1. Can you report the number of residues in the range 40-70 which are among the acidic types (Asp, Glu), outside any strand (DSSP E or B) and loosely packed, with under 12 Cβ neighbours inside 10 Å?
2. If I ask for residues that are outside any loop (DSSP other than H, G, I, E, B) and under 26 Å from residue 67 (Cβ atoms), which ones from the range 9-39 would you list?
3. Report, by residue number, each residue of the range 8-27 that is of a type in the set (A, V, I, L, M, F, W, C) and over 17 Å from the mean Cα position of the chain (by Cα).
4. Could you tell me whether residue 45 is within 20 Å of residue 16 (Cα to Cα), of a type in the set (Asp, Glu) and more than 13 Å from the chain's Cα centre (by Cα)?
Amino acid sequence: MAKEEGEKLICKICGKEFVFSKGEQEFFAEKGLKNIPKSCPECRETRRKGEEPMLEVKCDKCGKAGLFRKKIEAKRVLCAECYTKEKSAKTPQGGDLGGPASMAPGEPLGGEEKA
């Protein structure tokens, strides 16, 4: 039996390659459907069930995998733990930036002593 060929496409949701087979193309033509599918069969099935497709993405720093509902298009992806470590390493004394929002009411500004 010959392998069924078709058009290779990339899923807009998960980014995986999938084949829009000749049989599917004929089915689409019979039904009068003009647009080709933009998502793979697995993501389409998940959406039909009323669920959001979950995509696995790895942290660029530690390699830990996490699940996201949409394809991540950021330059870097960090897990919560690596993000927290990186953020605390960039701030003074490893804490927050110490701006007015983090100060207690009545606390003096700029290191002034209370009278």
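FYI, it's all coordinate maths here, none of it is from the lab. Model, not experiment: these values are computed from the prediction. Glycine also receives a Cβ, built like all others from the backbone with ideal geometry; neighbour counts cover every protein chain displayed.
1. Initial filter on the range 40-70 (among the acidic types (Asp, Glu)): 42, 45, 51-52, 56, 60.
Retained after the next criterion (residues that are outside any strand (DSSP E or B)): 42, 45, 51-52, 60.
Now narrow it down to the ones that are loosely packed, with under 12 Cβ neighbours inside 10 Å: 51.
Counting residues in the range 40-70 that are among the acidic types (Asp, Glu), outside any strand (DSSP E or B) and loosely packed, with under 12 Cβ neighbours inside 10 Å gives 1.
2. Of everything in the range 9-39, those that are outside any loop (DSSP other than H, G, I, E, B) and under 26 Å from residue 67 (Cβ atoms) turn out to be 9, 10, 17, 18, 19.
3. 9, 18, 19, 20, 27
4. Against the criterion (within 20 Å of residue 16 (Cα to Cα), of a type in the set (Asp, Glu) and more than 13 Å from the chain's Cα centre (by Cα)), residue 45 qualifies.
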